[in-house]
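Beneath this line is the structure, given in structure tokens, with notes to follow.
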Amino acid sequence: CHRILDLTAGDYVELTISATGTDPIVAQNGTSFIMLKANGDYASLAQTGDGSAGTANALEVIGDQDLAGSGNITTNLNNITYASGTGLLTPANTRPFLLLASLVGESNTTSEETAIELYADGSLIDGAAALIHKNNDPNEESYGLLKTLTGGETVSGRYNGGSGNKITTKKGTSFSVLDLSSNNGTGTPSAFISLAVAADSDAQTSGEKNCFDEGLWTSYSTTVHSAATGITYASETGFFTVANAGKYLVLWNVVLGDSTTSSNRNALIKKDSTTVYSVPLMVHTSFDPVERTICAIFDAEAGETFTFKLQGIRGKIAEGTGVTMVKIDDLKDLHVQSIPTDSLIADDFTINSF
């Protein structure tokens with residue numbers, strides 16, 4: 001779940017889960033919550049009620065009111081316009097944006113994978129596909145990346161249920177667009193990278209595997225969404241090394257398929273050799289491929305390396321598995337510059353602030 005909300009000083013955000021049946025809910029390790037302050041341009045589309053079934057094997061847009069239902073889209077917009085009839089967003093300014101689309105859907109098939117994708121001006125940026133099985137729905141899949149968009153071009157989160165599959169969007173389906181420019185659009189973050197694998201890996205068995213190690217593919221390639229700045233990616237090892245100390249936002253879309261067993265896997269983020277994040281991932285042979293979104297903020301020192309590990313894959317790392325890393329501690333509020341009328345150093349030896 002993701003939203004852009006207006007908050008005032010002293011407000012609090014509360015996160016709850018509730019069961020609709022008698023079985024208790026147990027929160028697993030890896031459950032996480034991230035808050036970022038939006039200092040620039042942004043847009044948030046959130047579906048607040050269940051929609052209607054779309055068209056089979058058709059590309060639908062998150063936020064299209066015809067499918068979401070009249071009055072079911074809540075928006076929060078700044079310098080980005082929203083067209084309710086199409087679901088398209090149009091930024092006014094050229095900015096590096098974090099894009100995150102989440103589909104909560106019901107399906108009428110048991111085998112067709114549902115693609116979730118991001119588009120700019122009608123052209124595909126990237127995406128992934130997972131199975132929303134009619135006997136295991138509603139289900140959720142998300143996709144996110146960092147991409148510089150030109151002011152005036154449209155952006156959208158889209159989905160396609162595949163042949164014979166009509167997807168019904170449910171409450172919680174959402175699309176968020178967040179400006180990550182470092183100084184009101186005049187600069188980019190000092191460090192960032194965003195990429196995804198462009199093909200399925202070879203079949204993997206047990207053991208711990210590096211998700212972005214090219215050795216797991218016979219033919220390896222990536223789709224680069226934002227070329228690396230201040231972060232070095234080595235495909236021969238799968239290492240992401242940061243040049244400077246700071247706080248790094250990590251968004252990892254894990255897509256696993258062709259499962260040979262129905263059991264838990266583990267997804268780990270390691271900083272050098274230390275595990276800094278761990279979450280169990282259940283992959284069932286009847287309900288794969290599955291997508292899981294991992295998001296967290298980590299402190300790092302200059303020269304430290306991040307790796308993205310999967311334990312006991314017993315299947316394939318699917319096309320679209322991607323990672324975005326952004327140094328976020330230099331994305332700060334803007335302040336009006338004060339111009340003192342007195343001297344830089346006063347007669348009383350006080351150094352005045354300019």
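The values are calculated or read from the model by the stated rules, or taken from the named source; none is laboratory data. Note that the structure is predicted; figures quoted are calculated from it, not measured. So basically every Cβ, Gly included, is an ideal-geometry build from the backbone, and we count neighbours across all protein chains shown. Ligands, DNA and RNA are excluded from the accessible area calculation, which covers all protein heavy atoms including side chains. Shrake-Rupley method; radii C 1.70, N 1.55, O 1.52, S 1.80 Å.
Residues with beta-carbon under 13 Å from that of A300, excluding A300: net charge, scoring Lys, Arg +1 and Asp, Glu -1?
Value of the local net charge: -1.
Between the stretch 106-172 and the stretch 282-313, how many Å separate their Cα centres?
20 Å
Using mean Cβ contacts within 10 Å as the protection proxy, how do 40-50, 134-144 order, highest first?
Highest-to-lowest ranking by the protection proxy: 40-50, 134-144.
Over the chain, give the accessible area per residue in Å² for a 1.4 Å probe, as an integer.
Spelled out: the 1.4 Å probe surface of the chain, per residue, equals 47 Å².
Tell me, what % of the accessible area of the chain is carbon and sulfur with a 1.4 angstrom probe?
Carbon with sulfur: 48 percent of the solvent-accessible area.
Provide the gained length on full extension for the span E301 to A83, in nm with one decimal, where the gain is 0.36 nm per separating residue minus the Cα-Cα distance.
74.2 nm
Can you compute 3J(HN,Hα) from phi for each residue in the stretch 276-287, using the Karplus curve 6.51 cos²θ - 1.76 cosθ + 1.60 with θ = phi - 60°, rounded to whole Hz and x for Gly and Pro?
10, 7, 8, 8, x, 10, 8, 10, 10, 4, 8, 10
Ordered by residue, what ³J(HN,Hα) values in Hz, to whole numbers, does the stretch 187-198 give under the Karplus form 6.51 cos²θ - 1.76 cosθ + 1.60, where θ = phi - 60° and Gly and Pro are x?
Listing the rounded values in order: x, 9, x, 6, 8, 6, 7, 8, 8, 8, 6, 9 Hz.
What list of ³J(HN,Hα) values in whole Hz, one per residue of the stretch 228-240 in order, does the Karplus curve 6.51 cos²θ - 1.76 cosθ + 1.60 (θ = phi - 60°) give from phi, with Gly and Pro shown as x?
Calculated HN-Hα couplings, in order: 5, 9, x, 9, 9, 10, 10, 5, 6, 10, x, 8, 10 Hz.
Once you've got the Cα coordinates, tell me which of K209/K327; K37/K270; K209/K316; K147/K171; K247/K270 are over 21 Å apart.
K209/K327; K37/K270; K147/K171
Could you work out the local net charge near S44, counting Lys and Arg as +1, Asp and Glu as -1, over the other residues with Cβ closer than 13 Å to its Cβ?
-2
Cβ neighbours within 10 Å, averaged per peptide: list 271-278, 221-228 in order, most packed at the top.
Descending mean neighbour count gives 221-228, 271-278.
Net charge around T94, counting only other residues with Cβ within less than 15 Å of its Cβ (Lys, Arg = +1; Asp, Glu = -1)?
Local net charge: -2.
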